[in-house]
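The values are calculated or read from the model by the stated rules, or taken from the named source; none is laboratory data. The structure displayed is predicted, hence computed values, not measured ones. Ideal geometry is used to build each Cβ from the backbone, glycine not excepted, and the neighbour counts take in all protein chains shown.
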Amino acid sequence: MTAQPADDARAVLARLGVTLADHEGQGVVARSPIDGAVIATLRAHTVDEAKAAIDAAHAAFGAWRTVPAPRRGELIRLFGEELRAAKADLGRLVSLEAGKITSEGLGEVQEMIDICDFAVGLSRQLHGLTIATERPGHRMMETWHPLGVCGIISAFNFPVAVWCWNAALALVCGDPVVWKPSEKTPLTAIATQAVFEKALARFGDAPANLSVVLQGGPEVGAALVSHPKVPLVSATGSTRMGRAVAPILAERFARAILELGGNNAAIIAPSADLELALRGIAFSAMGTAGQRCTTLRRLFVHEDVAEALIPRLKAAYASVPVGDPREAGTLVGPLIDEQAYEGMQKALTEAKAAGGVVQGGERVARDGVYVRPAIVEMPAQAGPMLHETFAPILYVVRYKDLADAIAMQNATAAGLASSIFSNDIRETELFLSAQGSDCGIANVNIGPSGAEIGGAFGGEKETGGGRESGSDAWKAYMRRATNTVNYSRDLPLAQGVKFDI
Ligand code: NAD
């Protein structure tokens with residue numbers, strides 16, 4: 001018999017060293033979507049408290065920016081060690097609070113560990129260029145300096161990994177972090193902070209308030225966004241949230257890393273390996289109960305392979321195990337809340353009105369919000385297909401020409417993730433070319449979801465244009481200075497300008 005989620009969560013928190021009583025109060029209700037029951041009611045920060053916490057983090061910046069970057073990396077190395085030790089418990093808490101199946105809960109913590117490893121290496125490679133100068137006896141170079149407090153606003157569906165993608169980089173780059181987690185997943189944030197504090201204690205001499213967690217809803221996030229001592233805000237969530245946040249950051253010329261909604265697609269070409277495609281589609285579309293930003297939501301199937309693929313896909317949808325995400329064998333856990341269920345039903349009603357034939361989508365009878373994933377055959381791309389519904393709905397449209405499929409794929413406002421299943425190199429290269437997918441992520445023979453940390457992650461258009469995690473995403477967390485040094489006895493001016501006094 002699996003434990004009651006609330007009891008399970010409290011036991012996990014205790015093992016992670018969290019004293020829940022220290023955080024209890026009014027304002028934020030922590031629930032488990034596994035049965036909908038309340039785990040704890042937590043104290044939300046007031047806007048004034050948030051401002052004071054940001055000022056304290058700014059004070060930490062003064063000290064942290066002078067610590068050599070490889071030494072800053074040592075803190076993240078220790079944090080990676082603590083995360084390894086805490087992986088089972090923290091992963092369990094992700095399952096309990098966000099409803100992810102066990103392997104995905106553990107995978108989320110593994111992603112934190114991976115970005116820590118990446119950041120440790122990076123801490124010795126925050127390098128700039130030396131650039132040829134036109135002036136004799138001069139040297140030109142660029143240097144990268146810490147930027148300041150990095151504000152992190154995160155969504156419920158990646159309650160800890162997204163913070164770590166940002167925090168691990170920000171901290172090695174010399175920036176303190178202030179985190180406003182989703183009000184739907186406050187406990188994983190408290191637990192992550194407790195694990196981080198273990199690393200801080202071993203590190204020894206880090207300034208106080210290097211990492212701060214602020215609990216609350218949009219108003220607390222807004223305090224972070226508008227604070228003049230926060231030069232960078234990395235905000236992950238809906239496009240609606242991005243629309244509220246972006247103008248405020250632009251107004252004060254702060255940097256934004258916006259990681260917003262997706263409406264991701266896959267194209268199944270005639271030469272596709274259908275076994276591979278079936279598995280790739282199933283994970284991308286039904287995994288995390290359709291609640292990933294990269295979830296596959298639109299499928300374009302070539303008419304020559306539609307009859308071979310779609311009935312098998314429908315069978316997989318009809319039989320996929322839905323239930324308690326902690327139980328072995330479950331592949332689809334709960335939706336986060338009733339609102340998600342209502343959004344899903346609304347989209348399915350609209351799909352029917354647009355000529356869609358719906359299979360699935362019905363509620364599974366148990367405590368919590370469980371649904372059978374829905375697959376909807378659409379006569380054309382229309383209606384709810386054009387926007388993100390954060391639930392497991394896969395719309396399927398048949399196509400004849402690849403150019404039409406790519407055009408349909410690119411015809412939505414979001415631009416996060418995409419993929420093609422094809423064994424024809426002309427098709428796959430076209431898809432990856434400038435005339436192909438317009439998304440930040442474009443894959444071949446894997447689905448659009450399940451990114452790893454080595455690459456830069458993010459998307460175009462209404463997804464917000466931000467990039468975080470690997471590659472050179474670290475540059476957003478630092479400021480670049482171009483330095484010209486004159487080691488001659490003359491003062492030649494650039495572009496041949498004369499100014500003799
Ligand atoms: P949400 O937009 O409701 O909330 C996200 C966060 O923003 C929360 O912490 C919330 O409190 C905060 N927030 C909301 N309004 C705000 C405001 N005006 N000012 C400051 N903060 C504000 O999103 P959600 O329901 O938690 O998550 C689901 C959404 O997130 C989906 O659209 C999904 O695609 C997106 N998402 C995107 C990515 C990505 O990397 N592109 C990753 C995960 C989730």
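Of the residues in segment 193-213, none is touching an Asp or Glu at 6+ places or on another chain (Cβ under 7 Å) and either modelled with pLDDT under 95 or within 16 Å of the ligand (Cβ to nearest atom) (or both).
Against the condition more than 16 Å from the chain's Cα centre (by Cα), closer than 24 Å to Ala11 by Cα and of a type in the set (Lys, Arg), how does Lys100 come out, does it pass?
Judged against the criteria, Lys100 is not a match.
Scanning segment 314-361 for residues that are free of Cβ contacts under 8 Å to residues at least 12 places away in the same chain and more than 28 Å from the chain's Cα centre (by Cα), we see that the one that is nearest to the ligand (Cβ to nearest atom) is Thr349. Selection of segment 477-489 for residues being surrounded by 10 or more Cβ atoms within 10 Å (Cβ to Cβ) and closer than 21 Å to Ile131 by Cα yields Met478, Arg479, Arg480, Ala481, Thr482, Asn483, Thr484, Val485, Asn486, Ser488. So, in segment 114-155, of the ones that are surrounded by fewer than 23 Cβ atoms within 10 Å (Cβ to Cβ) and of a type in the set (Val, Ile, Thr), which residue ends up nearest to Asn209 (Cα to Cα)? Going through the qualifying residues, I end up with Val120. In segment 218-234, the residue that is nearest to the chain's Cα centre (by Cα) out of those that are buried (at least 21 other Cβ atoms within 10 Å of the Cβ) and near the ligand (Cβ under 6 Å from one of its atoms) is Gly221.
Considering each residue of segment 413-420 in turn, none proves to be surrounded by fewer than 22 Cβ atoms within 10 Å (Cβ to Cβ) and under 23 Å from Leu278 (Cα atoms). Only strands (runs of 3 or more DSSP E) whose full extent lies in segment 355-450 are considered here, and the ones with at least 1 residues that are out of contact with any helix residue (DSSP H, G or I) (no Cβ under 8 Å at 6 or more places or on another chain) are 357-359, 417-421, 441-444. Might you check whether a residue that is more than 30 Å from Ser488 (Cβ to Cβ) and at pLDDT 95 or above occurs anywhere in segment 133-144? No; the residues of segment 133-144 include none that is more than 30 Å from Ser488 (Cβ to Cβ) and at pLDDT 95 or above.
Here is a yes/no grid of residues against (1) in a strand (DSSP E or B); (2) under 23 Å from Pro448 (Cα atoms); (3) among the basic types (Lys, Arg):
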position	(1), (2), (3)
Arg298	yes, yes, yes
Asp304	no, yes, no
Lys314	no, yes, yes
Ala318	no, yes, no
Glu342	no, no, no
Ala347	no, yes, no
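Within the option set Leu249, Leu260, being hydrophobic (A, V, I, L, M, F, W, C) and farther than 18 Å from Pro448 by Cα holds for one residue only, Leu249. Taking the conditions (1) away from the ligand (no atom under 16 Å from the Cβ); (2) in contact with a strand residue (DSSP E or B) (Cβ under 8 Å, 6 or more places away or on another chain); (3) in a loop (DSSP other than H, G, I, E, B) in turn, Ser271 satisfies each one other than (2). Per the listing Ser433, Ser449, the residue uniquely surrounded by 23 or more Cβ atoms within 10 Å (Cβ to Cβ) and either basic (Lys, Arg) or out of contact with any Phe, Trp or Tyr (no Cβ under 6 Å at 6 or more places or on another chain) (or both) is Ser449.
Pairs linking a residue in segment 235-249 that is within 6 Å of the ligand (Cβ to nearest atom) and part of a helix (DSSP H, G or I) to a residue that is among the small types (Gly, Ala, Ser) and modelled with pLDDT of 95 or more, with Cβ atoms under 6 Å and 6 or more positions apart or on different chains, are Val245/Ala235.
Within segment 458-469, the presence of at least one residue that is in contact (Cβ under 8 Å) with a residue 24 or more places away in the chain, hydroxyl-bearing (Ser, Thr, Tyr) and assigned to a loop (DSSP other than H, G, I, E, B) is confirmed. Summed over segment 148-175, residues that are of a type outside the set (S, T, N, Q), outside any loop (DSSP other than H, G, I, E, B) and in contact with an Asp or Glu (Cβ under 8 Å, 6 or more places away or on another chain) total 6.
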